[in-house]
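Everything on this sheet refers to the single structure shown next.
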Amino acid sequence: MMHRMSHSLIVAVVSVVACVGGPSSVDSVRASRACNRLGELRELPFKREPVNDPVYNELIAVGRPAIPCLVDKIDDATPMPDPRKAPPIPGGVAVGDVALFMLSDVSGVDLKDLLPPEVLKELQEQGVYAYFTYVRNAKNRAALKRYVEDLHLL
């Protein structure tokens, strides 16, 4: 029992440090906890209007300390219910998609400014479907994460 608790504590500490990239402040711990619950997020606003979603609201309240963890989650292809107020996406939505949408809201950077040029070209004709088509390929999802990391949002 003690071994299992120690292991859980170590995993929790390592997760926090890995997700936020260093020693944690209270906001970093809050950000990590909320970020690790992205799969539970059920409502994203269409145009940043208030929503009744505890995960969304916690990440917005934490603000900038959530950015490293959100960037880290961009390559997470774990399926989740679509929290957007939009028509359903063929193939569904992943945690990494929601991380990118949250990153836009938390950082104040427009979503299209987080996308690489090859997606922007298609965005005008296909809308958000261009993004979802792009990230269906795991290599593209990883490339998107690297692209966003190179933006140095912090």
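Scanning segment 35-91 for residues that are under 23 Å from Ala142 (Cα atoms), acidic (Asp, Glu) and in contact with a helix residue (DSSP H, G or I) (Cβ under 7 Å, 6 or more places away or on another chain) yields Glu40, Asp72, Asp75, Asp76. Within segment 67-91, being within 17 Å of Leu144 (Cβ to Cβ), at pLDDT 95 or above and in a loop (DSSP other than H, G, I, E, B) holds for Ile74, Asp75, Asp76, Ala77, Thr78. Within segment 126-143, the set of residues being under 20 Å from Arg84 (Cα atoms) and part of a helix (DSSP H, G or I) comprises Gln126, Val128, Tyr129, Ala130, Tyr131, Phe132, Thr133, Tyr134, Val135, Arg141. In the condition set (1) surrounded by fewer than 21 Cβ atoms within 10 Å (Cβ to Cβ); (2) of a type outside the set (A, V, I, L, M, F, W, C); (3) out of contact with any Gly (no Cβ under 7 Å at 6 or more places or on another chain); (4) touching a residue at least 24 places away in the same chain (Cβ under 8 Å), Arg136 is compliant with all but (3). If I filter segment 109-119 for residues that are out of contact with any helix residue (DSSP H, G or I) (no Cβ under 7 Å at 6 or more places or on another chain), part of a helix (DSSP H, G or I) and either of a type outside the set (D, E, K, R) or under 21 Å from Lys47 (Cα atoms) (or both), do I get at least one hit? Yes - at least one qualifying residue is present in segment 109-119.
The values are calculated or read from the model by the stated rules, or taken from the named source; none is laboratory data. No experiment lies behind these values; they were computed from the predicted model shown. Cβ: placed from backbone, ideal geometry, glycine included. Neighbour counts: every protein chain shown.
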